[in-house]
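In what follows, a structure is listed as structure tokens, so that the remarks can point back to it.
The values are calculated or read from the model by the stated rules, or taken from the named source; none is laboratory data. As the structure is a computational prediction, the values presented were derived from the model and not from experiment. Heads up, the Cβs are rebuilt from the backbone with ideal geometry, glycines too, and the neighbour counts pull from every protein chain shown.
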Amino acid sequence: MTSERAMSAQDIKTGIERFRLGDRSDVAVLYPDVCFASLAAVGDMPVTLLVESVLAGWHPESQLTAPTSSDGRAPFPVASLVVSRDGPTQFHPELSNREPVEIQVWADGRVSLEIEFQGADVTTVAARWAATAERVLESWSTTQGVHLVGVFNDRARSLPDVWNASFSVTNPQDHVVRELVELGERALRTAELSMTGWGGEDDVRRLLADGDVHAVLGWAPSVVLEFWPTPPDATQSSSFAADVCAFANGVRGGAIVIGAQAGPEGAGLQPFAAEDHVVAVQRILRDQLFPVPERVAVKPLPVTGDDDGRGILVVQIPPQDELLWPFVVHDRGEHITLVERAGAESITRGVAAVHAALSAGTAYLRGNARE
């Protein structure tokens, strides 16, 4: 069995070197059935060639990699490929860091991706955590040309807070290795941001940078996060301004995701033509808040795979200078409302709170004047 499986990784190495027309020091047999290579060596290799290289030396007698029946699945892939982003001159089979993405080739020619990501401790977390991770990655995968097989924590080989997700690749013939590696990296970023983030300033910054909006599906409204299912219309502009005002008055700021709605089973996406509403949202901030919060970002993020080019709109309100407090919502300057965040709600403060804020400001100014 060992000799049969040992051929599989070597066949990948041989296939890569045949593709590259020469021996490669940055391609190594890491384990009997795992090949380790620099992305530079293997990135442009068609996945179909990878499959052919693996199956060239596979023997049906292998009980671990052969399908259990004519329509069954094998317990294990024939071989796997892992890569490092170290260049050819820096690559070392024992010292280079492996990307947490594994491309697996099966005896029937199927190709799957398996990622490894940081999550909650399986010994303390409820089963709902894994169910949420599955829901997030299932939604993400439908837009990426892959199908989620499952999310699991393998205690036999992983720490209790290290999770794995497996995806089957729908059309492997359409990809080169680099594309699958990058796809796996996006999946793990989405999983980690969704399951370890909670919508704070750093999480929203990562969301804006990475752009995989499905991470939002693992979040919930909080002291720093609010969902709006649809963009505010004329009758909702004051309520929307109130949410922005509440975050501006908070120590940590906050964010509003337009195009997401909280539900009993978690958040759901409701994509819309986000770019068409940027100016309208900016107008609400400018016309109905005083002072206007500084450095507010209004950014549309497309939902990958949406044929109509729809997406969500993220409004990020960073922490504001305390000298600008309090922020208020106003109606053409005639009426003002003080709004603050309390838990997952925006609360309108009464006249006593407004008076206290004005009194504090007056006392501060008088103190400075005496100095």
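Brief remarks follow.
- Exclusive hit being among the β-branched types (Val, Ile, Thr), assigned to a loop (DSSP other than H, G, I, E, B), over 16 Å from residue 177 (Cα atoms) and modelled with pLDDT of 90 or more, set 65, 89: 89
- When 154, 174, 161 are checked against the criterion of being modelled with pLDDT of 95 or more and either among the β-branched types (Val, Ile, Thr) or in the same structural domain as residue 45 (by TED's automatic domain parsing) (or both), a single residue qualifies: 174.
- For the range 233-260, the set of residues classified as farther than 16 Å from residue 346 by Cα and surrounded by fewer than 21 Cβ atoms within 10 Å (Cβ to Cβ) consists of 233, 234, 235, listed by residue number.
- Screening the range 290-339 for strands (runs of 3 or more DSSP E) wholly inside it with 3 or more residues that are of a type outside the set (Val, Ile, Thr) returns the ranges 297-302, 311-317.
- Scope the range 330-371; condition among the charged types (D, E, K, R) and modelled with pLDDT under 90; matching residues: 331, 332, 334, 349, 366, 370, 371
- The range 154-170, residues that are free of Cβ contacts under 8 Å to residues at least 60 places away in the same chain and buried (at least 21 other Cβ atoms within 10 Å of the Cβ): 163, 165, 167
- Pairs with Cβ under 6 Å, 6+ apart, first in the range 296-313 and among the β-branched types (Val, Ile, Thr), second loosely packed, with under 15 Cβ neighbours inside 10 Å and at pLDDT 95 or above: 298/282
- Considering the range 202-222, and only residues there that are among the charged types (D, E, K, R) and more than 20 Å from residue 262 (Cβ to Cβ), the residue that is surrounded by the fewest Cβ atoms within 10 Å (Cβ to Cβ) turns out to be 202.
- Selection within the range 81-124: residues that are farther than 19 Å from residue 153 by Cβ and of a type in the set (Ser, Thr, Tyr). The member of this set that is surrounded by the most Cβ atoms within 10 Å (Cβ to Cβ) is 84.
- Residue within the range 13-22 that is at pLDDT 90 or above and either farther than 30 Å from residue 95 by Cβ or surrounded by 18 or more Cβ atoms within 10 Å (Cβ to Cβ) (or both) present: no
- Odd one out for residue 233 among (1) touching a strand residue (DSSP E or B) at 6+ places or on another chain (Cβ under 8 Å); (2) not assigned by TED's automatic domain parsing to the domain that holds residue 162: (1)
- Yes/no for residue 303 being modelled with pLDDT of 95 or more and touching a strand residue (DSSP E or B) at 6+ places or on another chain (Cβ under 6 Å): no
- Qualifying residue in the range 139-153 (condition: part of a helix (DSSP H, G or I) and touching a helix residue (DSSP H, G or I) at 6+ places or on another chain (Cβ under 6 Å)): yes
- Hits in the range 241-262 - residues which are outside any strand (DSSP E or B) and either closer than 15 Å to residue 328 by Cβ or among the β-branched types (Val, Ile, Thr) (or both): 241, 242, 243, 244, 245, 246, 247, 248, 249, 250, 251
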